[in-house]
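Trainee: After the structure tokens below, expect a handful of questions from me.
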Amino acid sequence: MTNAQETSWKHTPTKTLDVGGLTFHYRELGPRGGTPLVLLHHFTAVLDDWDPRLIDGVAAHRHVIAFDNRGIGATGGKVPHTIAEMAADATSFIRALGHDHVDLLGFSLGGGVAQEVTLNNPDLVRRLVLTGTGHRGGGGLNRMPLIVGKAYLQAALTRRDPRYYLFFNGNATGRKAANDYLTRLRERAGDRDKPISHQARIAQLKAIREAGLGEPHDLSKITQPTLVANGDNDVMVASSQSRTLAERIPNAQLIIYPDSGHGGIFQYHERFVPALLAFLAS
């Protein structure tokens with residue numbers, strides 16, 4: 001058993017790990033033993049951008065690890081310009097922790113990284129969770145700079161977080177979900193991560209565009225049980241890409257949440273967490 005602090009994201013201490021001269025910053029919580037769930041986060045995100053309700057819900061039952069990849073938050077180095085390089089760094093970090101098998105949850109950009117890790121290291125990944133994400137060669141991903149730019153302009157004019165427009169629908173339900181989610185992100189009072197750098201934002205956009213225009217992967221090579229989840233109105237990565245992922249990955253199941261967007265798993269965290277735990281335990 002673990003104590004309350006070890007299963008509370010807002011109190012989980014930040015740790016460091018040196019991997020080949022690069023210092024990674026990470027947090028882990030939940031009961032040890034079994035296969036850990038490693039989280040790969042979204043465009044511009046640092047450790048403090050994970051929804052505490054999602055992490056606390058999963059960590060009540062499982063070992064959870066979240067980290068800043070190269071050049072993100074407090075981790076050293078510069079963000080590479082391809083998702084393949086991001087995946088190589090993530091793999092190095094996971095192996096340096098000493099884990100032979102992990103479950104991966106990738107959200108948005110992290111979903112692209114998770115696919116690369118799995119394809120290149122099938123021995124490392126036991127189960128795969130892809131949320132709010134697309135596939136290489138999906139085309140629409142190359143429009144991401146325009147979508148993001150518009151949202152950042154709206155955010156500047158209204159003094160709101162860009163995710164208010166990028167993650168949630170513009171109706172009353174979406175506005176409430178956005179406000180609740182952004183409030184939860186502010187729960188952690190101390191030991192907060194460094195904000196994303198300008199270099200990191202630009203490099204991530206280049207990596208996303210390269211993936212959108214790139215040659216598609218053969219996703220039939222992903223034989224791990226896979227859970228795909230999204231909202232039904234994702235303006236960042238078209239919800240249709242989630243359906244395509246579930247069709248192209250042989251052993252995949254799909255969850256589409258109604259009246260929600262890119263942040264569907266956060267809006268519906270009370271439904272997603274039990275579904276995720278059941279998938280990982282099945």
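Trainee: Here is a list: Ala177, Ala200, Ala156. Which entry is part of a helix (DSSP H, G or I) and in contact with a helix residue (DSSP H, G or I) (Cβ under 6 Å, 6 or more places away or on another chain)? So that I can check it myself, show each step before the final result.
Mentor: Values: Ala200 fails: in contact with a helix residue (DSSP H, G or I) (Cβ under 6 Å, 6 or more places away or on another chain); Ala156 fails: in contact with a helix residue (DSSP H, G or I) (Cβ under 6 Å, 6 or more places away or on another chain).
The unique qualifying residue is Ala177.
Trainee: Okay, next question. Of all residues in region 199-234, which are crowded, with 23+ Cβ neighbours inside 10 Å and of a type in the set (S, T, N, Q)?
Mentor: Gln204, Thr226, Asn230
Trainee: Considering only helices (runs of 4 or more DSSP H) fully contained in region 31-127, which possess at least 1 residues that are surrounded by fewer than 24 Cβ atoms within 10 Å (Cβ to Cβ), within 12 Å of the chain's Cα centre (by Cα) and modelled with pLDDT under 95? Explain how you work it out, then say what you get.
Mentor: Values: elements: 52-59, 83-96, 109-120.
Per the criteria, no element qualifies.
Trainee: Identify, from the list Asp193, Asp218, Asp232, Asp259, the residue that is farther than 14 Å from Gly138 by Cβ and under 17 Å from the mean Cα position of the chain (by Cα).
Mentor: Of Asp193, Asp218, Asp232, Asp259, the one residue that is farther than 14 Å from Gly138 by Cβ and under 17 Å from the mean Cα position of the chain (by Cα) is Asp193.
Trainee: What number of residues within region 6-30 are of a type in the set (S, T, N, Q), in contact (Cβ under 8 Å) with a residue 24 or more places away in the chain and farther than 22 Å from Leu277 by Cα?
Mentor: Here the count works out to 2.
Trainee: Further question on the same structure: So for region 184-192 (the condition being part of a helix (DSSP H, G or I) and under 24 Å from Val237 (Cα atoms)), does at least one residue qualify?
Mentor: First, pick out the residues of region 184-192 that are part of a helix (DSSP H, G or I): 184-185.
Okay, now just the ones that are also under 24 Å from Val237 (Cα atoms), so 184-185.
Checked region 184-192: at least one residue is part of a helix (DSSP H, G or I) and under 24 Å from Val237 (Cα atoms).
Trainee: Is there a residue being under 22 Å from Ser8 (Cα atoms) and in contact (Cβ under 8 Å) with a residue 60 or more places away in the chain anywhere in region 76-94?
Mentor: So far as region 76-94 goes, no, none of its residues is under 22 Å from Ser8 (Cα atoms) and in contact (Cβ under 8 Å) with a residue 60 or more places away in the chain.
Trainee: Further question on the same structure: Give just the number: which of (1) crowded, with 22+ Cβ neighbours inside 10 Å; (2) modelled with pLDDT of 95 or more; (3) touching a Ser or Thr at 6+ places or on another chain (Cβ under 9 Å); (4) more than 30 Å from Pro225 (Cβ to Cβ) does Ala178 not satisfy?
Mentor: (3)
Trainee: Moving to a separate point now. So how many residues does region 218-276 have that are closer than 17 Å to Arg163 by Cα, outside any loop (DSSP other than H, G, I, E, B) and hydrophobic (A, V, I, L, M, F, W, C)?
Mentor: Final tally of qualifying residues: 2.
The values are calculated or read from the model by the stated rules, or taken from the named source; none is laboratory data. Please read all numbers here as calculations on a predicted model, not as lab measurements. So basically every Cβ, Gly included, is an ideal-geometry build from the backbone, and we count neighbours across all protein chains shown.
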